[in-house]
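The values are calculated or read from the model by the stated rules, or taken from the named source; none is laboratory data. Remember, predicted model here, so these are calculated numbers, not experimental data. Glycine also receives a Cβ, built like all others from the backbone with ideal geometry; neighbour counts cover every protein chain displayed. Heavy atoms of the whole protein, side chains included, go into the accessibility calculation; ligands, DNA and RNA do not. Shrake-Rupley method; radii C 1.70, N 1.55, O 1.52, S 1.80 Å.
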Amino acid sequence: MNDIRTGSGHPALRPERIGRLTLANRLAVAPMTRVSAAPDGTPTPEMADYYAAYAEGGFGLLISEGTYTDTVYSQGYLNQPGIVSGEHAEAWRRITERVHAAGARFVMQLMHAGALSQGNRYRDDTAGPSAVLPRGEKMPEYGGSGTWPAPKAMTPADIETAVDGFVRSAVRARQAGFDGVEVHGANGYLVDQFLTDYTNLRDDSYGGPVSGRVRLAAEMVAAIRAEVGADFCVGIRLSQTKVNDFAHRWPGGGHDAKIIFAALAEAGASYLHIASEGRDWIETARLDGGATITGLARQVTGLPVIANGGMHDLARAAQVLSDGHADLVSVGRGALANPDLPRRLGEGRPPAEFDHMMLQPMATLGNARLWRQAARI
Ligand SMILES: Cc1cc2nc3c(=O)[nH]c(=O)nc-3n(C[C@H](O)[C@H](O)[C@H](O)COP(=O)(O)O)c2cc1C
């Protein structure tokens, strides 16, 4: 079929640019934690096969799972990959080579879990903007159970260590062959804890009004940019919803959003990626009068914007791109079910349905392999 929504004429299949990066199409694999690295955070050969499959399936851009950035408070889950040593970078290099050989671009998501850490081989306590008990409970699919403890309120020195970890990790990611990094500022983790009014009760310059709460995110982007130069892609992912709060919305309609987006563009971000944790784009992106949060991000910054949340609905993805709500779409669960989604789209083959059982009892690559064997896929 050669229809705008289901065949080779689909707008997602057109090439795109992010800064100096050229992409074969506008379909990105969303970052997805798979807790399948070695206990010391070293990526494995199985992870190389996993990422290569998306590149071979035609995705123009891959964004890695959230990868921890220091040996203090950043790690979020046991068996999460890290980028804190030369050994980590070397193992990632073997993965970036496979991805590049198949023609895709690869960005590493840099993640600090903050108060939502549920497994850290370096220490038992957690740190966040303020000593506020996190809402909700730890996630079993990443090996957690029960409630999170209240974090220690980070000192200025702790904040400096966290920023420094992101900068050093970005440099290591570049050495490992990545085309860019994405600061994980979404879904309730450290950077989002600073952005959020009810988890950030600080009375210093990192708290208070939204212009203070966005300061950590902007400092991270600016510090990475200063170190890696203009050529390297430095994106940031944001979201209103969180893994432990699907109802949260930035206050003031688009008012706070505009301040956040402008600060990040000013800091030197290459793109903005707006996630829809636990909900889909249509629900999380809507503003009054038919406007959307992703469209607003484009207008305010003039930067490429990636929309996320239910984009495996390819008619929805076509509408989002054609109506100017975003420049790219990222696909999470739909990519798990269809590592070859872009090829299917080009050939007019319908995508397979995502089955959440492939992530049970934990979201590991090993469990997905067992699920495929049982399903004979
Ligand atoms: C197994 C799994 C792991 C995820 N891990 C991450 C992560 O490491 N970083 C992140 O920003 N989002 C993560 N997400 C959220 C996805 O990137 C995405 O925003 C979400 O699945 C909604 O998009 P979708 O409707 O295309 O699945 C994860 C989602 C899943 C299903």
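One table, with the values for the structure above:
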quantity: Residues of the stretch 252-284 satisfying the condition of being more than 13 Å from residue 221 (Cα to Cα) and more than 12 Å from the ligand (Cβ to nearest atom); calculated: 252, 253, 254, 255, 256, 257, 258, 259
quantity: The stretch 1-20, residues that are modelled with pLDDT of 95 or more and open to solvent by 20 Å² or more (accessible area, probe 1.4 Å); calculated: 13, 14, 15, 16, 17
quantity: Failed condition for residue 234, given (1) without any contact (Cβ under 8 Å) to a residue 60 or more places away in the chain; (2) touching a helix residue (DSSP H, G or I) at 6+ places or on another chain (Cβ under 6 Å); (3) crowded, with 20+ Cβ neighbours inside 10 Å; calculated: (1)
quantity: Sole exception among (1) of a type outside the set (Val, Ile, Thr); (2) within 15 Å of the ligand (Cβ to nearest atom); (3) within 16 Å of residue 73 (Cβ to Cβ) for residue 182, by number; calculated: (3)
quantity: Qualifying positions in the stretch 239-258 - part of a helix (DSSP H, G or I), open to solvent by 50 Å² or more (accessible area, probe 1.4 Å) and more than 12 Å from residue 301 (Cβ to Cβ); calculated: 255
quantity: Residue match in the stretch 169-186 (condition: more than 25 Å from residue 18 (Cα to Cα), in contact with a Gly (Cβ under 7 Å, 6 or more places away or on another chain) and of a type in the set (D, E, K, R)); calculated: no
quantity: Residue that is open to solvent by 50 Å² or more (accessible area, probe 1.4 Å) and closer than 29 Å to residue 167 by Cα, where the choices are 347, 277; calculated: 277
quantity: Qualifying residue in the stretch 302-311 (condition: modelled with pLDDT of 95 or more, crowded, with 18+ Cβ neighbours inside 10 Å, away from the ligand (no atom under 15 Å from the Cβ) and hydrophobic (A, V, I, L, M, F, W, C)); calculated: yes
quantity: Qualifying residue in the stretch 68-79 (condition: under 30 Å from residue 159 (Cβ atoms), hydroxyl-bearing (Ser, Thr, Tyr) and more than 16 Å from the ligand (Cβ to nearest atom)); calculated: yes
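Conditions tested, residue by residue: (1) part of a strand (DSSP E or B); (2) open to solvent by 10 Å² or more (accessible area, probe 1.4 Å); (3) more than 30 Å from residue 11 (Cβ to Cβ); (4) not aliphatic (A, V, I, L, M).
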{"position": "31", "(1), (2), (3), (4)": "no, yes, no, yes"}
{"position": "58", "(1), (2), (3), (4)": "no, yes, no, yes"}
{"position": "84", "(1), (2), (3), (4)": "no, yes, yes, no"}
{"position": "87", "(1), (2), (3), (4)": "no, yes, yes, yes"}
{"position": "110", "(1), (2), (3), (4)": "yes, no, no, no"}
{"position": "121", "(1), (2), (3), (4)": "no, yes, yes, yes"}
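Table: residues versus (1) in contact with a helix residue (DSSP H, G or I) (Cβ under 9 Å, 6 or more places away or on another chain); (2) more than 12 Å from the ligand (Cβ to nearest atom); (3) part of a helix (DSSP H, G or I); (4) under 22 Å from residue 312 (Cβ atoms).
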| residue | (1), (2), (3), (4) |
| --- | --- |
| 25 | yes, yes, no, yes |
| 35 | yes, no, no, no |
| 39 | no, yes, no, no |
| 43 | yes, yes, no, no |
| 65 | yes, no, no, yes |
